[in-house]
Each structure stands twice: as C-alpha cells, then as structure tokens.
1. Amide H to amide H under 5 Å from B:ALA85: which residues, 5+ apart in sequence or cross-chain, H placed 1.01 Å off N in plane?
2. Given an 8 Å cut-off on Cα distances and at least 6 residues of separation, report the relative contact order of the range B:74-132 as a percent.
3. So for the range A:464-572, taking the charge dipole from beta-carbon charges (+1 Lys/Arg, -1 Asp/Glu), which of A:TYR563, A:PRO514, A:ALA537 sits furthest toward the positive end?
4. Averaging sequence separations of C-alpha pairs under 8 Å and six or more residues apart, then dividing by the length of chain B, give the relative contact order as a whole percent.
5. What's the extension gain from B:GLN198 to B:ALA83 if we count 0.36 nm per residue and subtract their Cα-Cα distance?
6. To the nearest µm²/s, what D does Stokes-Einstein give for chain A at 20 °C and 1.002 mPa s, using the Kirkwood radius over alpha carbon pairs as Rh?
7. I'd like to know which of A:PRO51, B:LEU44, A:ILE252 lies farthest towards the positive end of the charge dipole of the protein assembly as shown, counting +1 on Cβ of Lys and Arg and -1 on Cβ of Asp and Glu.
8. When Cβ neighbours within 10 Å are restricted to other protein chains, what is their mean count per residue of peptide A:523-531?
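Bear in mind that the values in this text are calculations on the coordinates, not laboratory data. From a predicted model like this one, the values you see are computed outputs, not experimental measurements. Neighbour counts are summed over all protein chains in view; Cβ atoms, including those assigned to glycine, are modelled from backbone coordinates with ideal geometry.
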Amino acid sequence: MGFALAAMLTREATGQDARNLLRLGSQAYDFGEYRMAAPLLAAGLNPAAGPRDSLWVASLHRLVHVLIEDRKDSLAAIWARWAARTHPGLVVDTLDFPPAVQDAFALAGASIAAGEGGRAGDTLTETSWEWARRPGEVTQGALRIERSGVPMSTFVEGVGPLAGEDAQPLAPGTYTIVASAPGYFRTRVKREVLPGVTTVLRFRLRGLSTKALGFLYVGSAPWGAVQLDGERVGYTPVAAGPLAAGPHRLRIERVGYAPFDTVITVGRDQRLRLGTIRLTTAGGGGAGASGPAAEAPTPDAFARAVAALEATETERAVELLRQLVATPATARPNVQLRLAVAHWSLGLFDSAGVHFQAAISADPFTRLDPETFNPDLLTFLSAARRTTRAVGVRAPTDTALAPDRERWPISVAVTRPGTLRIRLAGPAPNGHDTLVASARVDSTITLPLSLLGRDRAAIAAGTYRLSVEWSDSAGRAAASTLALEVSEQLADTLRHEAAPPDSLYRLEVRLGPPSRAGLVRGVGFGVGASVIPLLLANGRLRSADGRAATVGVALSLGGVAGYFLGRSRQPLPQNIAYNRALRSDWETRNRAIAAANEQRRGVLLVRVRIVSPP
Amino acid sequence: MIAHARFRLVPLVAVLVLAARSSPAQRVEVTGFGLVAGPRSAVLHEGVRETVEGVWLGAVLEVKVGRVLVSGTGLRGTLDPVANAVRRDGGEQGVLVRFEPRAGFGVEAMYTARAFRSAVGYQRWDILGVGAWVSVPLGDPALRAHARASYLPAVRVSGQPSPNVALAAEVGASATPRGTPLQIRLTYRFERFDFPGQPTARLEEFDRIALEVGYRMRR
C-alpha cells in the first residue's frame, strides 16, 4: 500500500502548488511514508506561496518530526530555527507531536531569543526565499545578497566573502552574514540556509550621519571576540568601527585567556585608538595596551607599517603598505597579507579578498597563524586560495647530496587539488627534457627527486631548468620554474659535536640533614679526653690538666664542624639517569657523526644550487 | 718479666704479620709525620712531688698494608723542672703494630723505649703493651676522632722494680683536608705507673700532648 501511495503522490506532486504539496506531504506523513513526506513538506513550506495557517504550522511540525525520525536532528533543528526566526509567534503543538519535536522547537526558540547577535541588523534586513520549483532530494542550499545602491561588501563567517549577486551554494545551516560599506554601520545578521532553498538578503545599512558618532580602533594579541555593550560585534582587529558618542562597555574575550574588560567613552567624531591589547592566559597577569612608543624605531617601511597596525593607526598603515606594494622589489606576500588584514578590519571585505589573492599569487605557500589571525581572516584566505590559480616551488637553495643514496627534496604548493608534473631540462644548452616526477596534490606536497640519470649515474654538471606544471580535471593549468646549477663536490666531513655544557647537567646528589652523630661523637670524645687524667690517675697525683682539656675542646669543635660539614649526600637517581642519558645521547650522536664521516671520506657529491627562484 | 711479656706477645705479632701477608690486593699507604709534643712527668714518692715538663720534637713513620699498620716513633727534647726536680734531657723510640679486623677498630701491640738523662743520673724505661684502638668520623669523613686504651703488662725501669699497675690511654682528633695528602693530628696520651715500695708506694705519671702534621703517600 505504501508503494502505491508513493507512486500516486509522486505523480500528483508534479506541478502542484505549495498548498497541495503540504496536503500530499501530510497524507504521506499520516501513512508513515516519511521518506516521501519530507520533500513534499519541505517544498510546500515556502512562506511566499501561501498563508502561514494551521496547515502550514502543522506541516512544519510534521517535517521536523520526520527529520528527527530519519535521524537528521541537525537538519530538523535548522528548520525549527528558521521557523522561529521567520514566524516568532509560532505555537508549538504539544498534543499531536512527540516530546522530541517540542524540544527541537524549544531549543530553536531559545537560540533565537538569546540573540546570537545582530538584532539591530535584523530589523533592517529584508529576507526572502527562493524555493525550488519541484520537490526532491536536495542537500545543498544557497545564499544570495541583493545589492542596493550602496557599494557594499559582504562576507559569511566561516565561508568567506560573497562576490557579486551570484548565489553562493552552502550546506544547510545557520550562518552569520556581515555587510559593510563606507559611511554606514556594519551590519551582522544570522540566517538559516535550507536545503533546496536560496536565502536572499537585502541589507538596508544605517548611515553614519544620522547621529553623533565616534570611531573605535582596537586590536588584540592574540585575536579575540569583541563585545560592545554586551553585543558581539566581531573579532579583533577592529578599525573605524562606528559607535554612538558616549560611554560603552568593551570586552575582548578568547577561550583560554582572561577577558579584557573596560569602559570607553568616545566623543563625537573622535577616533579612539586603543592599540593592541595583550591578552594574558587565564590566571596570568593583567592585559595592557601597546602604543606606537612600544615599537623600536626602524627605518624599514614594512616595520613602520606593522608598528602602525599594532598601534591601530590603520589608515596610516594602509598608506605605508600601499607604497610598498607599488614598489615591485618589495611587493612581498607579507605586505599583501597585512594590507588584507587592514582592509578587513576597516570593513572593506572586497579589497581584503583582492589582497589575499595577491599574497597567494606571490607565494602559494602563504599561511596564516591561527593563533594570531582570527577565524574570519583564515576563512578569507581559504576563499582567496580557492579563487586563485598559482603554483609555488621551494627547494634548498644550496645543498650537496650523494645521489645514489639521497634525494633532493622540493616542496610544491597549489591552490586547488590537481596533478603535478615535474620536468628537469638540461644541462644547457643541449640537454633534453625529462619527466622526473608526477603526483596528485591537494594543497602542498614534498617530493624527493632523484638526481640519477638513466644510466644510474649522477646527472652531469651544468645548468638545468626545473619546471613544475599543475593541472586539474577542469583543464585549468599553472606552472612555475626554477633555474638550477649542478656541480660536483667532494664531501666534507662533519664536525664532532661539542660536549653538552655543564649548565645542562643536573645535580646528582642532595645534601641531607646535619650530622647529629658527628656532633655527639665529637663532644663525647672531647669529654673523654678531658676526664682521662681524672679517671686514670692515681688519686694522690690527680690534678686538673689543661692539656687534656685542650684536646677535649679540639675534639668537641671537630664534632661541631662535622655537624655542619658532614651533611650526608643523598644521590638523586632521576638526575643521575638524566645526566647519563645526556652523556649517552651526545656520545651516540658523535658516534653517528664518526660513522657518517667514515662513509663520506672520498665520496663525490652533487651540489645543487638554485640560481633563480620562481 | 720483660722476657715473659715478650714471649706472650710473639703469637700476637705473628698473627698480625700473617694477616697482613694474606690480604689480597693490598694497598700500601705510607705517612710521615713531623711531631711536636709537650710531655710532662710527675712522680710522687715519700710525700714529695716532682714534676718536669718540656717540649720534644720528633717524627712518626706509618706504613699501612691492607689492614695492618706498623708505626715507628722517635722523639727527643728536654724536660724542665716545675717542682722539686732537676732539668733533664729525654727521648723515646717506639714501634707499634696494629691489626684492623674492621674499619675503625683495631688491636695493637707496642714497644716503647724511653730514657732520661740528668745531672743526677740516667734512667731507661722499656714498655711493652697491648691495647685496642677505635676511630670514628665526626660527621664529615675528613674529620675523625680516635681513642686508644692500653694495658702495659711488661715495664722495666732501670733502678726500679717493675710497676704493679701500668695503664695508658690516648684520645685524639685528626683532620684530612680534602684534595691534599696532608693529615693533621692532635692527641693526648696519659700513662700511669704505680710502683710497689716500703713504706710508701712510688707513683708516676707520664702524659703528653702532641701535634702531628703528616704527608701521605699511596701506592
């Protein structure tokens, strides 16, 4: 019967409007055909296609129930959050649906009520949904920003910037979308992306000229989440962040670090620069701000720019960095990275993306330290990597190796997964081109290249060109080359390692308590010496004797000295073992060096020197 | 009596020598000491007390082989009158053999010849004794205390009968500065001799404080 119903419903669903889809979905639900019911209900819940009446609310409950039964709790939670956000007055049916459904809606309501940030933005952001025309099993959703007249840049936390008006395919979930434009308040909203549905946002940014404003500049090391008056506004660094003139509570927090709390008062049109706050680990000392005075003066323009960024003089840093970028000799990836970070902190997300791309083009090995750079910046870099096509090659600049035993390691970085083909051409001018390696690569790879020719002898001395070609299944390609100089060289012997310094050794004995036995013996023998004449002499000859007492005193003093000097020495087995291991390791290394020297003596090596880097 | 005493000591010396010879892997230690001593002799005879004291200089040579130590001593100096006596020259030579069955304890035998010469005559003492010796560290191994108790069964004094009581005791301290072959000793020795006599006994004491500085060689 279930199969018959499914066949009938599938036939009927095609071309149905949303109301009918909800009815059909409900019938399938009533018959227990949950797999059939879910796509019908999901397709029929389009709020633009009909009233949000009892059928719509019941269908929403049914969909959540079906998803929970299908062990898709997270998807059920997304639908529940979407419903709670779009239909705040939703009354949960506690009679017809099991507690799991009620819990899902309760959790969703609590999550939305908790604010999760972006409430002010919510009221100014129009949201609509483009539902899939036909019901079906879809797993992806999408997000699209409708541009208004304002030149706005947007990004999705954890995903990256949203370019143009194209829909960005996304997995179902709740996303934080940040919109920014010069002269407007930055807006942050949370929205759900549903499977098969494109969520469309139209931001109406609030202009800065509407009220008395100041601007906040603050950074932190490491990065932290910024809260202003209890509302999360993003991550550090923040530059030219507009805020109403007056006092505000500022908090910078990061898991594992003590939060930084302060009250700031910003005046109208004031640019309040707090510098870079040094967060301390939880339980450590207090945080402090570093200004430009903390930076050592240096003639290096890049260092001056970095110092300006540290002092949150972001605009000046951008100027300095732009000057550096204009000079080809100094157009290094670091400059582009700093420019990207500065633009991101100013809310210029599109420019940030462009500079990230430039950094990756200049050096595909470019990485950001997750401890120093916040998750949004890492997301931007990842997104920029996906949209950039570049190949980077790194190899030891000058090395010598035994070609029959050792290989020459090169590292390759690519921006997209693909296939690498590595060719060695030379020696110039008449050498031929040989494919020396090929490999699949996702991001980076280190390949040990053999420097043996076809005759199993080392390649001839001369100038070579190493080309690294990348291509992917879509036909995209990129390449990078290195010019090498290969020569013969007699192996040097390695120098023996110096013995570990005394400072590395640990104490092997510990002094015990003072020797009470020594004191007792000394005093005892001293008394004995003093009384010998009294005890041993005949009574008629007995007399006090100063010499016996002298020896007695000397013995007693010896006992006192022994009490302090004679502290027992207690061996410390752990330290003794540590010192032994230290000595043993050093001896082992030197034995290995001696063995290597024995092998190297008289061996002919191949020296590879990079003449021109890519 | 001396002859009898010597006869009794022969087995002990033989044991000591044999024990020394039988010890395997013996280490030989030779120490030479310079010695400055302050001896004093007191005699009570017929109610008159004579006392002399002075300074003697001498040397000690000790040879230790395994658990056996043989020591020879030589001293010479003068004794000045303190009460009812005349100035006299004096000196003594002695030999001591000690066997240490365990560290810090030993049994020993000694022979000492002591002589005095003054304007009124010459007197020689031949003393044979046996005893025990203990040595303990005073907390630090560089500091030690020692004590010696001796029974002197055979004593012959020229012009006098042999004493019916002859005992000796010695207590001292020694220091061996770390990292040096030097040894410093300060000792006090007391000897008591009671001679029979009529109508009153003749009582004699001989005691000595000595400071010794030695140099040790090992092989």
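1. Those lying under 5 Å, H to H, from B:ALA85 are B:THR51.
2. 28 percent
3. Result: A:ALA537, furthest along the dipole toward the positive end.
4. 19 percent
5. This chain segment gains 39.1 nm when fully extended.
6. 67 µm²/s
7. B:LEU44
8. 4
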